[in-house]
Amino acid sequence: MSETIFRRLLSSESDLGYSIYLEAFRWLNAKGLRQWLVPLPRSVYDRRQALGENYGLFMDGHLAVILSLISGTPHEWADIVMEAHTWWLQNLATAKAFRGKRLGELAVSMAGEHLLRDCVREVYLDCVDVGGFLPGFYQKVGFVKVCGRNISYPSGNTYPMVLMRRDLNDALPNSVAANAS
């Protein structure tokens, strides 16, 4: 039986975590899924690392999936999500060797369990809506669409984005719970 652990990334794992993110960025763009317009700057990733916001799903000691759990609403959604102390899931990325095994779903669910243990009751995310692919992925792990809007970025590009929310008090979706056992 394999050992599955979800935890904060150690500083010694930061380089590997960022390389997994960059690999996923390139893969998504090659598939035409423009979730990230430009790669997350290393300085932002390093700041998140220093704040303890970068997490990983480890399979038998190998870093399989990375994500960030961020406190505070991004400015693009501040007119809709106005509560103080919100939590956001960002930059989910699966390492190439672990793709196709539904570990991204497992990591998202384990991140929700982690937040719930810290008395967080809901988590948000936003994703690009190109043919429903990413919203569909997140719906499988219990997120629901709050709204959609076109967001223009400093690059001048505008993309259809979806705001999603998950009530962490809800039970895990059956498909994810089965994978976790």
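The values are calculated or read from the model by the stated rules, or taken from the named source; none is laboratory data. The shown structure was predicted, so the numbers you read here are calculated from the model rather than taken from an experiment. Ideal geometry is used to build each Cβ from the backbone, glycine not excepted, and the neighbour counts take in all protein chains shown. Keep in mind that these areas ignore ligands, DNA and RNA; they rest on the heavy atoms of the full protein, side chains included. Shrake-Rupley method; radii C 1.70, N 1.55, O 1.52, S 1.80 Å.
Within the stretch 46-70, the residues that satisfy the criterion of being touching a strand residue (DSSP E or B) at 6+ places or on another chain (Cβ under 6 Å) and of a type in the set (S, T, N, Q) are 54, 68. Considering the stretch 119-158, the residues that are part of a strand (DSSP E or B) and within 26 Å of residue 100 (Cβ to Cβ) include one that is most open to solvent (accessible area, probe 1.4 Å), namely 145. For the stretch 24-48, a residue qualifies if it is within 18 Å of residue 95 (Cα to Cα) and polar (S, T, N, Q), and the qualifying residues are 29, 35. No other residue among 171, 111, 177 is outside any strand (DSSP E or B) and modelled with pLDDT of 95 or more apart from 111.
Of the set (1) modelled with pLDDT under 95; (2) under 11 Å from the mean Cα position of the chain (by Cα), all apply to residue 125 but (1). Could you check, for the stretch 2-19, whether at least one of its residues is of a type outside the set (A, V, I, L, M), open to solvent by less than 60 Å² (accessible area, probe 1.4 Å), closer than 27 Å to residue 149 by Cα and touching a residue at least 24 places away in the same chain (Cβ under 8 Å)? Within the stretch 2-19, not a single residue is of a type outside the set (A, V, I, L, M), open to solvent by less than 60 Å² (accessible area, probe 1.4 Å), closer than 27 Å to residue 149 by Cα and touching a residue at least 24 places away in the same chain (Cβ under 8 Å).
Find the strands (runs of 3 or more DSSP E) located wholly in the stretch 39-106 whose residues include 2 or more that are of a type in the set (Asp, Glu), modelled with pLDDT of 95 or more and open to solvent by 50 Å² or more (accessible area, probe 1.4 Å), and list them. Steps first, please.
Values: elements: 54-59, 62-71, 87-94.
Strands (runs of 3 or more DSSP E) meeting the threshold: none at all.
Here residue 21 fits the description: within 15 Å of residue 95 (Cβ to Cβ) and either within 14 Å of the chain's Cα centre (by Cα) or not in a helix (DSSP H, G or I) (or both).
Within the stretch 59-76, residues that are over 12 Å from residue 103 (Cβ atoms) and of a type in the set (Asp, Glu) reach partners that are modelled with pLDDT under 95 and surrounded by 13 or more Cβ atoms within 10 Å (Cβ to Cβ) with beta carbons closer than 7 Å, at six or more positions or on different chains, in the pairs 76/151.
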